[in-house]
Amino acid sequence: MSFDLTHVLVGAALLLAAFVKGATGLGFPLIATPTVALLLDIRTAITILILPNLFMDSAQVIRGGFPYDVFRRFSGLIAPTIVGVFLGTMVLVKTPLWVLNLCLGTMVLMFVMLNLLKLDFTISPRAEKILSPIFGFLSGFLNGMTNTAGPTLAIYLYSLKV
């Protein structure tokens, strides 16, 4: 394998995204995926980012011990997320690259716009039981298709005041 500038830029994108994730607790795929997709195609970018993202998320989850209460509260979110990831990955494999790039760009713009608007929603505990599976599936699907579940999950978790 020859050394070229693309490898250096991909590494720099990963370091920047990891720094943001370490400082804020989220944002690794939202920064790394579009940046790496500019250098390589989106399918390759998502493939490259799967393991680092899983590792960082796993480390973040178990950092203070296994969070049984969190898993119990969000069990209605987790199972549909897994189903959504598999279906989103099937879409990733079969969809033309321009559609995937459009979806990725839309997710990034949506996140930026929602942060600029500073919308504040509150979801009641009763509504949480209904909305958790919906947001879980949607975020899983978007994660499988574009590696950007962050905006959807961030909106939902901020609305729960978590």
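If you count only protein heavy atoms with a 1.4 Å probe, what accessible area per residue comes out for the range 83-148, rounded to a whole Å²?
63
Leaving ligands, DNA and RNA out of it, report the carbon-plus-sulfur percent of the accessible area of the chain at a 1.4 Å probe.
That share works out to 75 percent.
If you average 1/r over every pair of different alpha-carbon atoms in the chain and take one over that average, what Kirkwood value in Å do you get?
16.6
Return a whole-number percent for the relative contact order of the chain, with Cα pairs under 8 Å and 6 or more residues apart as the contact set.
Dividing the mean separation by the residue count of the chain yields 28 percent.
Between the helical axis of 75-94 and the dominant principal axis of the chain, each derived from Cα atoms, what acute angle in degrees is found, rounded to the nearest 10?
It is inclined by approximately 30 degrees.
Given a 1.4 Å probe and heavy atoms of the protein chains only, how would you sort 120, 41, largest accessible area at the top?
Greatest to least solvent exposure: 120, 41.
Over the Cα atoms of the range 2-60, how large are the radius of gyration and the largest Cα-Cα distance (Dmax), in Å?
Values for the range 2-60 (Cα only, Rg and Dmax): 11.1, 35 Å.
Placing +1 on the Cβ of each Lys and Arg and -1 on the Cβ of each Asp and Glu in the range 1-126, which of 17, 55, 86 has its Cα farthest towards the positive end of the resulting dipole?
With unit charges placed on the Cβ atoms, the residue in question is 86.
Tell me the Kirkwood radius of the range 59-128: reciprocal of the mean inverse pair distance over distinct alpha-carbon atoms, in Å.
Averaging 1/r across every pair of different Cα atoms and inverting gives 15.5 Å.
Give, rounded to the nearest 20 debye, the magnitude of the charge dipole that the chain has about its Cα centre when Lys and Arg contribute +1 at Cβ and Asp and Glu contribute -1 at Cβ.
Rounded to the nearest 20 debye, it is 420 debye.
Let me check something: with ligands and nucleic acids excluded, how do 50, 123 order by accessible area (1.4 Å probe), largest to smallest?
Ranked list, largest accessible area first: 50, 123.
If you average the C-alpha positions of the range 63-91 and of the range 107-121 separately, how far apart do those two centres end up, in angstrom?
23
The values are calculated or read from the model by the stated rules, or taken from the named source; none is laboratory data. Small disclaimer: the values here were computed from a predicted structure and weren't measured. Every residue, glycine as well, gets a Cβ built from its backbone with ideal geometry; the counts of neighbours run over all protein chains shown. For the accessible areas, the whole protein counts, side chains as well, though only heavy atoms, and no ligand, DNA or RNA atoms are used. Shrake-Rupley method; radii C 1.70, N 1.55, O 1.52, S 1.80 Å.
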